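One structure is given below, encoded as structure tokens.
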Amino acid sequence: MNRLARTARRLPRLLLSLTLIALTVGCLAYLAPGLFGYDRYVITGGSMSGTFEKGSVVFEEQVPVADLQVGDVITYLPPADSGVGTLVTHRIISIKPDKTGTLVLRTQGDANPDPDPWKFSLTGTTQPVVRHSVPYVGSLLIALADPQIRRLAVGLPATLIALIALRDLIRGIRGQQQERRVARVQHPLVPAPAAQPA
């Protein structure tokens with residue numbers, strides 16, 4: 001068998017191995033920051049373009065609300081009456097206490113010309129603040145949010161594994177049949193001698 005044929009036979013297994021390694025490394029890279037106390041968020045919009053592009057993953061550290069400063073980038077859920085029902089990652093542009101001493105914050109996306117139209121207070125004692133970001137990695141996660149792409153991402157490797165297993169099974173069966181044929185040729189059955197009359 002020539003070298004090209006051997007390489008072609010090994011290619012599906014090699015591709016599968018590389019895919020599994022890439023998935024494992026990706027999962028570890030995504031989960032590892034959580035072990036060090038970081039929250040992960042995927043930037044899904046363009047309001048922070050120039051700082052964090054759509055598809056970036058930001059890693060945020062929990063800090064006490066009292067330690068927040070103007071200029072910090074935080075991820076939070078806007079007030080219920082804002083009409084925004086998803087998390088927002090924007091920069092704090094003002095922090096002022098109200099009459100009761102509660103801190104009231106105002107934010108703005110770096111790419112937005114105007115501040116967000118709401119003011120809000122944080123109810124918890126800590127708040128995630130962006131410390132690091134990795135561009136584009138979240139694009140894969142955004143794509144996987146689509147059920148059809150998710151089915152393809154899971155189904156394609158599963159189908160490839162099943163086909164390789166089926167191929168190996170067929171080769172095993174053919175190999176056993178070949179061994180039986182060779183054994184019959186090398187050791188043909190000799191008919192038993194006829195019984196002698198008494």
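Laboratory data are not the source of any read-out in this text; all were calculated from the coordinates shown. Just so it is clear, the model here is predicted, and its values are computed rather than measured. Heads up, the Cβs are rebuilt from the backbone with ideal geometry, glycines too, and the neighbour counts pull from every protein chain shown.
For region 47-163, a simple Cβ point-charge model (Lys and Arg +1, Asp and Glu -1, everything else neutral) yields a dipole of about 160 debye relative to the Cα centre.
For region 36-145, the average shadow cast by the Cα convex hull is 7.4 nm², which is a quarter of the hull's surface.
Given their separation in residues at 0.36 nm each and the Cα-Cα distance between them, E53 and A22 gain 8.8 nm when the chain is fully extended. Within a straight-line Cα-Cα reach of under 17 Å, K96 can be paired with the following aspartates and glutamates, leaving aside sequence neighbours fewer than 8 residues apart in one chain: D67, D72, D116. The share of alpha-carbon pairs in the chain lying farther apart than 22 Å comes to 67%.
Within the shell defined by Cβ-Cβ distances under 13 Å, the residues around S94 carry a net charge of +1, with Lys and Arg each +1 and Asp and Glu each -1. Near D39: Cβ cut-off under 15 Å, other residues only, Lys/Arg at +1 and Asp/Glu at -1. The net charge is -1. Of L68, L152, L11, the residue with the greatest mean-square motion in the GNM of the chain, using alpha carbon springs below 10 Å, is L11. What is the extension gain from R150 to V84, computed as 0.36 nm multiplied by their sequence separation minus the C-alpha to C-alpha distance, in nm to one decimal? Going from the current span to full extension adds 21.1 nm.
With K and R counted +1 and D and E -1, the other residues having a Cβ less than 13 Å from that of F59 yield a net charge of -1.
If R0 is taken as 35 Å, the Cβ-Cβ distance between L163 and A32 corresponds to a FRET efficiency of 0.60. Residues of region 10-51 falling in the label zone of Q178, defined by backbone nitrogen less than 18 Å from a point 7 Å along Cα to beta-carbon, are 10.
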